[in-house]
Amino acid sequence: MKKYILLNSKRLPPFLMIFGLLIFVQSLINYANAKVISSVKPIGFITEAIASGVADTDVLLPDGASPHTYSLKPSDLVKLKSAELVIWVGEDMENFMPAILKRIDKEKQIELMAIPEIKARLQTSHNVHEHEDLQNHDALDEDHHGEYDEHIWLSPKIAKIIAQSIHDKLVTLYPDKSTLIDENLNEFIINLTETEQNIAKKLITVQNRGYFVFHDAYGYFEARFGLKNLGSFTINPAVQPGVQKVYAIQQELKKHQAVCVFRETQFSPAVIEKLVNGTDVRIGELNPLGTGIALSKDAYSQFLSKLTQQLLDCLGKN
Ligand SMILES: [Zn+2]
């Protein structure tokens with residue numbers, strides 16, 4: 001509204017009027033550029049592959065931010081309200097989303113966990129019992145996992161269903177671009193199938209190498225490629241684990257003859273060093289969110305390939 005006041009005021013110098021006009025035009029352009037917004041980056045990778053050349057895409061969470069601990073910023077609300085389509089996982093993964101999405105047209109949203117074909121392929125969070133054994137309740141991990149594992153972007157099979165759902169929605173939003181959207185989907189499926197085959201060939205060499213993780217996020221990927229996850233340890237990444245906890249984890253590592261433990265960037269190397277001290281266990285790093293990978297048609301395959309390389313970097317050593 002301010003802009004109109006500026007433009008109508010006869011007392012303003014001409015350069016201010018032009019400035020006001022530019023801001024007004026820019027806001028129209030921004031509005032015209034309304035985007036397809038994905039909540040987390042790996043979902044954004046799939047979205048970009050299908051929407052490429054059709055609509056601008058963007059990712060809500062900043063690179064590397066965990067959906068488990070994120071809170072929306074005022075600028076996020078602006079982004080979400082102006083989006084033509086919002087794609088998100090589900091409320092156990094992104095508990096900051098339902099409140100804002102209530103104010104947005106249902107037709108402009110895709111909640112992936114609500115799609116029947118995805119529901120049919122969900123796995124439970126397979127390390128729930130280990131969590132119970134080893135965690136102190138004051139050291140609850142940052143995850144708010146529900147009954148099912150919501151890290152669905154780590155399943156290539158579910159990724160294909162996600163791509164299909166985004167395709168179907170985009171065709172209804174942009175019917176004049178349906179040919180391109182079809183082509184994008186085909187290309188995505190072909191590339192991903194090839195990537196999956198390459199990954200399977202590489203990971204077959206480490207299928208008997210057991211490991212632990214500090215974040216139970218990789219269940220779908222592990223199931224698809226037959227990896228030997230021995231369990232997950234629940235520790236607070238910000239707090240040095242106590243003596244008892246360290247001892248319990250070291251006993252587990254030895255008992256199961258783990259080859260590696262995988263940390264994520266939120267864990268300082270020093271904390272993990274302490275845990276493997278006195279064992280032969282190596283420390284690897286995994287990134288479940290595609291941090292550092294730019295949005296592109298090929299990004300989802302890059303993401304899975306990078307994860308594969310991270311697994312091999314630790315498990316593949318002799
Ligand atoms: Zn998680």
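The values are calculated or read from the model by the stated rules, or taken from the named source; none is laboratory data. This one's a predicted model, so the numbers in the text were calculated from it and none came from an experiment. Because the Cβ atoms are built from the backbone with ideal geometry, glycine has one as well, and the counts that use them run over all protein chains shown.
Just a few scattered comments:
- Residue in the range 249-270 that is farther than 29 Å from I158 by Cα, surrounded by fewer than 19 Cβ atoms within 10 Å (Cβ to Cβ), in the same structural domain as Q310 (by TED's automatic domain parsing) and among the aliphatic types (A, V, I, L, M) present: yes
- Among the numbered conditions (1) crowded, with 19+ Cβ neighbours inside 10 Å; (2) at pLDDT 95 or above; (3) hydrophobic (A, V, I, L, M, F, W, C); (4) assigned to a helix (DSSP H, G or I), the only one that L312 does not meet is (1).
- Single unsatisfied condition, S301 versus (1) within 30 Å of H167 (Cα to Cα); (2) surrounded by fewer than 20 Cβ atoms within 10 Å (Cβ to Cβ): (2)
- Hits in the range 142-197 - residues which are within 19 Å of I87 (Cβ to Cβ), of a type in the set (S, T, N, Q) and in contact (Cβ under 8 Å) with a residue 60 or more places away in the chain: S155, N184
- Of all residue pairs spaced 6 or more apart or on separate chains, those with beta-carbon atoms under 7 Å, a first member in the range 91-118 that is among the basic types (K, R) and a second member that is outside any helix (DSSP H, G or I) are K108/A83; K108/E84; K108/L85; K108/V86.
- Selection within the range 229-264 - at positive phi and out of contact with any strand residue (DSSP E or B) (no Cβ under 8 Å at 6 or more places or on another chain): Q257
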